Amino acid sequence: RSTVSEDNGAGTNDTAADRVAVESGRAIQIEDCRAERNAGDGIDTKCDRVTIRRCVSAGNAREGIKPWGTDSRIENCLVTDNGFTGIVGIEGGSYTMVNNTVAFNAVESGNYGMYIAYDGPQDTPVTLRNNIFAFNGSAVFFGTGVRLTEDHNVFFSTPDIEIEYAGRRNFTRAEIADGTWASSTGGGVGSRSVDPGFIDGAGRNLRLTAGSPCVNAGSATGAPTDDLLRERRPSGAAVDIGCYERRTRPEGEAFGGFGSGGRGYVEVWSGGPTFAHL
């Protein structure tokens, strides 16, 4: 809990330094941790019953978060600017991912924002709810063995292919918008392919603007009761999509955070529609 691991290791091969790698065991919890600019993966777990909660994995050379076990849960995590893929799950695992923001990963490599069960047809249950997958190098990928429960997610990375489902077909941004994705999978309730409306995507302040389509657009089913910053969830009429819950703040209230490259920022609520971003 509450640990930081930054700038470790050199090189980008399979033995490059991860922020944390758990090679065996079960019932592992990783909470309120940061993994930034390490030479390997941000968080790599190869065990069952893993919970990764309120963590940031940013700017690592390889994968952002890599859970390879059954009963793996990722919630309220920010996964951004990682070199290979944002989130990776192996076939035969089982994964629940709720209220995460996975953005700007694999921009140079062109790899997936997330891929699950790339290597084979083994049964792989996956639940996706209230997540943002945006501005990644390419689509979200599901292997042939993925048994998917999906609703209230935002996909906005590559318009020609937003979702690649092996053994079925690829789905474009337009086909998510017009309901083709939902009718083909029996899921997709509340899911959209729209710009998520970050306050400052270029500066990696990935909180939501007042007009974001993600505000009050999520599902309460299985949603955590707080967000990445431990803000109460929900704060409005419904749960927000992504790792941040937007709330109305009194004028003059301020908070801080980290953008790209570990640079800090401060935001002050001015009483208007946006924050003053410093």
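The values are calculated or read from the model by the stated rules, or taken from the named source; none is laboratory data. Quantities reported herein were computed from a predicted structural model and do not represent experimental measurements. Using ideal geometry, Cβ is built from the backbone for each residue, glycine included, and neighbour counts are taken over all protein chains shown. We work out accessible area using only protein heavy atoms, side chains counted, and drop any ligands, DNA or RNA first. Shrake-Rupley method; radii C 1.70, N 1.55, O 1.52, S 1.80 Å.
When the stretch 64-73 is limited to residues that are part of a loop (DSSP other than H, G, I, E, B) and open to solvent by 40 Å² or more (accessible area, probe 1.4 Å), the one that is farthest from ASP151 (Cα to Cα) turns out to be TRP68. Residues in the stretch 112-134 that are open to solvent by 10 Å² or more (accessible area, probe 1.4 Å) and in contact with a strand residue (DSSP E or B) (Cβ under 9 Å, 6 or more places away or on another chain): TYR112, TYR115, TYR118, ASP123, PRO125, THR127, ARG129. Annotation note: of ARG26, ARG49, the sole residue that is at pLDDT 95 or above, more than 15 Å from the chain's Cα centre (by Cα) and either surrounded by fewer than 16 Cβ atoms within 10 Å (Cβ to Cβ) or among the small types (Gly, Ala, Ser) (or both) is ARG49. Note on the stretch 236-278: residues that are at pLDDT below 65, in a strand (DSSP E or B) and not aromatic (Phe, Trp, Tyr) total 2.
Going by the conditions given, is THR221 open to solvent by 50 Å² or more (accessible area, probe 1.4 Å), outside any loop (DSSP other than H, G, I, E, B) and either among the β-branched types (Val, Ile, Thr) or touching a Phe, Trp or Tyr at 6+ places or on another chain (Cβ under 6 Å) (or both)? For THR221, the condition - open to solvent by 50 Å² or more (accessible area, probe 1.4 Å), outside any loop (DSSP other than H, G, I, E, B) and either among the β-branched types (Val, Ile, Thr) or touching a Phe, Trp or Tyr at 6+ places or on another chain (Cβ under 6 Å) (or both) - is not met. One residue alone among PRO125, PRO159 is assigned to a strand (DSSP E or B) and not β-branched (Val, Ile, Thr), and that residue is PRO125. Among the residues of the stretch 1-13, those identified as open to solvent by 40 Å² or more (accessible area, probe 1.4 Å) and either of a type in the set (Ser, Thr, Tyr) or more than 23 Å from the chain's Cα centre (by Cα) (or both) are SER2, THR3, GLY9, ALA10, GLY11, THR12, ASN13.
For the stretch 74-111, the tally of residues that are open to solvent by 40 Å² or more (accessible area, probe 1.4 Å) and without any contact (Cβ under 8 Å) to a residue 60 or more places away in the chain stands at 7.
Annotation: of all residues in the stretch 183-200 being surrounded by 17 or more Cβ atoms within 10 Å (Cβ to Cβ) and modelled with pLDDT of 95 or more, the one that is farthest from the chain's Cα centre (by Cα) is GLY190. If you check GLU31, GLU36 for being touching a residue at least 12 places away in the same chain (Cβ under 8 Å) and touching a helix residue (DSSP H, G or I) at 6+ places or on another chain (Cβ under 7 Å), only one passes: GLU36.
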